Amino acid sequence: MKHITFRPNFWHFVGMDIKNLYILQPMVRSYIKYAFRNLIKQKGHTLINLVGLSFSMAIIILIYLYVSRELRVDSLQEKGDRIYWVSSSVQSRDGELFTSSYTLPPMAEAFREKVPGVEAACRLRLTPAFIGPGKEVFQERIGFVDSSFFDLFGYEFLAGDRVHPLRDPKSVVLTEDVARKLFRDSLSTLDDAIGRSIRFPEPEPGHLYTVTAVIADEPDLSSLYFTVLVPYENARSYSESNNYGGNTYTYVLLDENNDLEGIRRNGQTLVEEFYGEGIALYVQMGYLSEEHEFTLHFNRFTESYLNPPDIYGSYSRQGNKTSLYILSTIGILLLLIACFNYVMISIGTALNRLRDFGMMNVVGARRWQVLAQFVVESFVLTLLSLFLGIVLAEQLLPLFNKLAGEDLRFALYAHPGNYLFLAALLSFIVISTSAYVGGYLLRRSQALELLKKERLSVRRNGVARFSVVLQFFIAIVLLISGGVIMRQLSYMVHRDVGFNKEHTVVLHVDFDEQRIGLLKEKIVASPAVAGVTVSDRNFSSGSSSRSVRTEKGEIVDVRLLRVDKDYVPTLGLELIQGRNFKPGETAVDSIPRVIVNEKLIAQLGLKDPVGRIVDMDGGGDGFQVEIIGVVRDFHFDSMHDEIQGLMLYTANMNGLWHMFVRPVDGRTAEVLSHCEASWKEVVPEFNWEYRFLSDILEEQYKGEDRWSRIIAYAAVIAILLSCLGLMGISSLLVARRFKEIGIRKVNGATVPQILVLLNANMLKWIVLSYLLACPVAWFAMHKWLENFAFRISLSWWIFALAGVAAFLISIFTVTLQIVRVARQNPVRSLRYE
């Protein structure tokens with residue numbers, strides 16, 4: 001007897017044999033052919049879907065590239081999870097918390113020697129300086145670091161000493177870009193830069209540094225932004241901060257145990273050694289209470305970029321986590337709008353194919369096979385949209401960089417994870433759109449109903465209503481927000497700041513006092529120049545402050561500005577009491593003379609301030625100054641902050657780095673030409689560069705300017721996508737009421753009457769969107785405006801204008817869709833069934 005052996009295989013277990021598998025191949029091909037045929041047949045709707053999906057995909061791809069890059073910053077450092085930088089905080093007597101990102105220079109060595117668990121420590125200071133191999137110099141970001149810097153941070157060495165590049169006190173490590181800029185054509189390879197000398201702005205003979213190594217340029221994924229490295233001991237030749245916490249970043253590398261709690265506990269023991277004397281002085285002055293808490297904080301290096309502590313001042317780049325949330329939300333909302341549009345338009349076009357689906361059911365097709373047709377069509381259209389979206393994203397990248405103020409590269413193909421993102425994006429759109437369209441049409445429809453071409457009512461379609469409300473809700477919120485942000489920005493830029501900012505030229509004079517004085521003499525000699533002055537601040541960055549004790553014994557912080565005698569008349573400050581500085585009045589006088597603003601007089605409670613002697617630092621170990629004049633309050637900070645008490649005092653020019661040149665009205669071009677000639681005569685080795693003071697002040701609000709443009713573009717995109725969605729809903733509405741339109745026209749209804757009737761059905765959802773959007777936009781903008789000490793009020797007309805715009809756009813969109821049908825011969829409408 002012959003035995004028959006049964007060999008089960010995989011297809012038996014899944015309920016399908018090999019023969020059926022081959023049957024699926026022509027079925028899939030037929031689905032694809034039918035999908036292309038239908039897409040081509042519905043050219044108009046296909047184009048609308050392609051535009052909506054591809055544009056939204058392009059936006060979300062750009063946002064994904066930006067967000068993913070921000071999340072990877074500092075992730076390339078091999079030891080990054082064990083590197084921490086040290087900051088400090090202390091609470092004043094009145095409860096105000098003062099923080100500092102800096103520490104005292106000796107603390108790095110103390111951490112390394114006295115705190116168990118610290119494997120290495122390093123100091124960092126940054127300052128801009130002009131350097132060069134010869135007469136021509138370039139401004140670079142100089143990083144002063146310890147030789148242990150490369151024990152903590154890993155960098156690619158391209159040439160020179162890779163083991164101890166900063167061993168010699170006068171050694172310098174260059175990045176590749178700086179090396180090629182300094183030595184230009186004289187470099188055949190980077191090795192040719194090793195051993196060459198570079199001149200720094202230091203007293204001779206110690207002003208020459210020798211190049212010992214060249215490293216790769218700082219990658220985009222690093223928060224450190226130096227261009228040149230030299231040993232830390234050279235930092236003493238450069239200006240220092242008077243911050244209570246010091247002027248140095250301290251990084252510590254923990255050992256393999258990575259015991260952060262132990263480091264915090266043991267590190268706190270160093271506070272008394274390094275800060276005890278200063279704390280005792282502040283307690284004596286009444287600035288700190290006896291129960292003060294001076295605390296050292298250890299911030300993980302890899303988390304500091306997106307989670308920086310609330311600290312003023314930084315030697316590293318810092319990201320904005322809130323902006324990532326906002327951009328991601330905008331991208332997701334735009335994608336959802338595009339998906340809703342696709343669903344609604346697909347339903348509208350599918351109503352014309354109901355007989356086809358009914359016939360498929362009659363001849364034996366199952367519901368899943370009909371649904372598969374929708375999946376294939378959605379996949380084909382979405383795949384085409386994805387390819388178009390990638391191309392469009394690459395073309396829109398320069399615009400995105402301009403809006404975001406970034407230098408993002410199109411690195412979509414550089415990381416394997418990006419392909420997973422694209423696959424997930426494709427899958428989400430295909431599954432979410434095709435599943436709903438198919439389910440909507442088939443879940444209650446029998447074959448006979450499909451053959452009868454039963455209408456599906458938009459009134460009973462909750463998703464359609466939700467789609468309209470959501471899309472216009474988003475668009476109206478963005479319109480209102482964009483309007484408020486742009487109006488606040490305009491208010492800050494055009495508000496009177498209290499000094500002459502128009503046409504005033506600013507020069508960066510980072511060289512010795514003698515040549516600063518000579519340059520000023522030559523520039524002011526021109527009759528086209530109304531005035532020249534110098535200061536240590538240019539209104540855009542940095543601040544100095546000290547404390548003063550009032551007559552009531554209270555401690556007041558006062559801002560300090562170092563200026564020369566021509567500061568008040570050149571910038572047009574209004575002197576309301578007393579006099580201006582006289583020649584030779586400097587800070588080395590026995591009792592320095594100062595000019596103060598109205599705010600400080602109010603804080604000190606002085607009725608007759610001119611001639612009054614004020615104790616700085618609350619007396620005791622402090623010193624005294626004499627008030628010789630009072631100027632009207634002016635904005636030396638941005639509109640984000642209240643005007644603070646201020647003292648102007650004269651100082652030697654080696655502490656003044658910014659020169660302000662005010663031209664006579666209408667002679668700006670002549671002054672610029674004269675300044676350039678004087679510059680090249682006095683300091684020919686320095687590049688001639690200038691900026692206008694008005695531009696510097698506007699940079700204070702670059703964040704607001706960037707977000708106003710981003711929100712404006714997002715609002716326009718949301719409106720355009722919402723219009724596409726309305727076209728989809730209008731298709732449903734017109735298809736459902738096609739016969740009704742014909743009957744009304746036979747009975748004498750005019751086209752305008754039909755338009756009013758059908759528009760009213762849609763406009764009620766726009767009204768709902770507007771009513772929901774207004775309180776949300778008001779709350780969001782009210783909270784946002786709280787960030788500004790000087791701000792606009794929320795005007796009703798911005799909300800009204802956004803509503804009118806939404807109404808007009810929606811009416812125009814729906815009307816275009818309806819008028820095509822309303823103008824047709826009513827006989828055709830009556831034959832539609």
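The values are calculated or read from the model by the stated rules, or taken from the named source; none is laboratory data. Remember, predicted model here, so these are calculated numbers, not experimental data. Methodologically, a virtual Cβ is constructed for each residue, glycine included, from the backbone with ideal geometry; neighbour enumeration extends over all protein chains shown. Side chains included, ligands, DNA and RNA excluded: accessible areas come from the protein's heavy atoms. Shrake-Rupley method; radii C 1.70, N 1.55, O 1.52, S 1.80 Å.
Give the residue that is farthest from the chain's Cα centre (by Cα), with candidates limited to residues of region 49-67 that are over 14 Å from E406 (Cα atoms) and surrounded by fewer than 19 Cβ atoms within 10 Å (Cβ to Cβ).
L50
One line per residue, one yes/no per condition, for (1) of a type in the set (F, W, Y); (2) at positive phi; (3) modelled with pLDDT of 80 or more:
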position	(1), (2), (3)
A213	no, no, yes
Y238	yes, no, no
N242	no, no, no
G245	no, no, no
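Output yes when any residue across region 68-86 is within 30 Å of V343 (Cβ to Cβ) and either hydroxyl-bearing (S, T, Y) or crowded, with 17+ Cβ neighbours inside 10 Å (or both), and no when none is.
yes
Kindly indicate whether S526 is farther than 30 Å from Y238 by Cβ and polar (S, T, N, Q).
Considered against the rule, which asks whether it is farther than 30 Å from Y238 by Cβ and polar (S, T, N, Q), S526 comes out as yes.
If you scan region 204-225, which residues turn out to be of a type in the set (F, W, Y) and surrounded by fewer than 21 Cβ atoms within 10 Å (Cβ to Cβ)?
If the condition is that a residue be of a type in the set (F, W, Y) and surrounded by fewer than 21 Cβ atoms within 10 Å (Cβ to Cβ), then Y225 is the only one that fits.
Given E136, E96, E113, E140, which one is of a type in the set (D, E) and touching a strand residue (DSSP E or B) at 6+ places or on another chain (Cβ under 8 Å)?
E140
Which ones in region 515-572 are more than 36 Å from the chain's Cα centre (by Cα), of a type in the set (S, T, Y) and buried (at least 22 other Cβ atoms within 10 Å of the Cβ)?
Passing the criteria: none in range.
Would you mention how many residues in region 291-330 are of a type outside the set (S, T, Y), within 15 Å of the chain's Cα centre (by Cα) and assigned to a helix (DSSP H, G or I)?
Looking only at that region, the number is 5.
Contact list please: Cβ distance under 6 Å, first residue in region 32-55 and modelled with pLDDT of 70 or more, second residue small (G, A, S) and in a helix (DSSP H, G or I), pairs at least six apart or on different chains.
What qualifies is L50/S385; G52/A338; L53/A338; L53/S385; S54/S385; S54/G389.
Residue-by-condition table, conditions (1) buried (at least 21 other Cβ atoms within 10 Å of the Cβ); (2) at pLDDT below 90; (3) within 29 Å of F511 (Cβ to Cβ):
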{"site": "L97", "(1), (2), (3)": "no, yes, no"}
{"site": "Y102", "(1), (2), (3)": "yes, yes, yes"}
{"site": "R125", "(1), (2), (3)": "yes, no, yes"}
{"site": "P128", "(1), (2), (3)": "no, yes, yes"}
{"site": "D168", "(1), (2), (3)": "no, no, yes"}
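Going through region 171-191 one residue at a time, which ones are touching a Phe, Trp or Tyr at 6+ places or on another chain (Cβ under 9 Å) and loosely packed, with under 15 Cβ neighbours inside 10 Å?
K181
Pull out all pairs, ordered by first then second residue, where Cβ-Cβ is under 7 Å, the residues are six or more apart or on different chains, the first lies in region 254-265 and is closer than 7 Å to G117 by Cβ, and the second is aliphatic (A, V, I, L, M) and loosely packed, with under 13 Cβ neighbours inside 10 Å.
Nothing qualifies.
Would you check which residues across region 192-242 are part of a helix (DSSP H, G or I), within 18 Å of D177 (Cβ to Cβ) and aliphatic (A, V, I, L, M) and list them?
Once the filter is applied, which keeps residues that are part of a helix (DSSP H, G or I), within 18 Å of D177 (Cβ to Cβ) and aliphatic (A, V, I, L, M), region 192-242 yields only A193.
Restricting to region 712-732, count the residues that are open to solvent by 20 Å² or more (accessible area, probe 1.4 Å), modelled with pLDDT of 75 or more and more than 11 Å from I337 (Cα to Cα).
So the answer is 3.
So, of the residues in region 108-123 that are crowded, with 22+ Cβ neighbours inside 10 Å and out of contact with any Leu (no Cβ under 8 Å at 6 or more places or on another chain), which turns out to be modelled with the highest pLDDT?
That would be R123.
Looking at region 141-160, which of its residues are open to solvent by less than 60 Å² (accessible area, probe 1.4 Å), over 26 Å from L104 (Cβ atoms) and not aromatic (F, W, Y)?
G154, L158, A159, G160
Across region 275-303, what is the total count of residues that are under 12 Å from S88 (Cα atoms) and either surrounded by 13 or more Cβ atoms within 10 Å (Cβ to Cβ) or among the polar types (S, T, N, Q) (or both)?
Residues meeting the conditions: 7.
Being farther than 19 Å from S547 by Cα, in contact with a Leu (Cβ under 7 Å, 6 or more places away or on another chain), in contact (Cβ under 8 Å) with a residue 24 or more places away in the chain and part of a loop (DSSP other than H, G, I, E, B) is the requirement here; does F634 meet it?
yes
Under the condition of being within 30 Å of the chain's Cα centre (by Cα) and open to solvent by 70 Å² or more (accessible area, probe 1.4 Å), which residue from region 656-694 is farthest from L182 (Cα to Cα)?
Among those residues, the one meeting the criterion is R691.
Residues K764, K745: which one is part of a helix (DSSP H, G or I), open to solvent by 90 Å² or more (accessible area, probe 1.4 Å) and modelled with pLDDT under 90?
Of the residues listed, the single one that is part of a helix (DSSP H, G or I), open to solvent by 90 Å² or more (accessible area, probe 1.4 Å) and modelled with pLDDT under 90 is K764.
Would you tally the residues in region 396-417 being more than 18 Å from S56 (Cβ to Cβ), in a helix (DSSP H, G or I) and not small (G, A, S)?
Of the residues in region 396-417, 4 are more than 18 Å from S56 (Cβ to Cβ), in a helix (DSSP H, G or I) and not small (G, A, S).
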